[in-house]
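None of the figures in this text is laboratory data; all of them are computed from the coordinates on show. Here the structure is a predicted model, which is why all the values come from computation and not from measurement. Here the Cβ positions follow ideal geometry from the backbone for every residue, glycine too, while neighbour counts run over all protein chains shown.
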Amino acid sequence: MKILIDMNLPPSWVQVFRRENWEAYHWSTVGSPTPPDSEILEWATNNGCVVFTHDLDFGALLASKPRRAPSVVQLRGQETSPTSMGSVVVLALRQLREELELGALVSIDAARARARILPLP
């Protein structure tokens, strides 16, 4: 799995994913610091990445036109640190790997993870 971490999450998430032998990039290492979300989606699509974000706008972008990629994982709630949420996120990504490979919008919070297959209605 290849994961692109949005600017609104700390770069320390890179190490969480790399410990799982997943490729991970923080947006700060590949693009401008204030891109439109559409640019992040395009880069992720072109590079075969799942977008990992705390921004709910990505769901709206996915719904704005029919698309099957990229998958987007939204971390919900106030706590977004890898120390607090790392194991929850890793478990959810393992459990939802098939959905992410198909193309999905995944929401993760401390209590559960939900996936909606793309394209969104």
Check your understanding: Within the stretch 9-36, which residues are touching a strand residue (DSSP E or B) at 6+ places or on another chain (Cβ under 7 Å) and in a loop (DSSP other than H, G, I, E, B)?
Key -> Leu9, Pro11, Trp22
Check your understanding: What number of residues within the stretch 46-56 are more than 15 Å from Thr80 (Cβ to Cβ), outside any loop (DSSP other than H, G, I, E, B) and either of a type in the set (Lys, Arg) or touching a strand residue (DSSP E or B) at 6+ places or on another chain (Cβ under 9 Å) (or both)?
Key -> 2
Exercise for review: Among residues belonging to the stretch 44-69 that are touching a helix residue (DSSP H, G or I) at 6+ places or on another chain (Cβ under 8 Å) and free of Cβ contacts under 8 Å to residues at least 40 places away in the same chain, point out the one that is surrounded by the most Cβ atoms within 10 Å (Cβ to Cβ).
Suggested key: Leu61
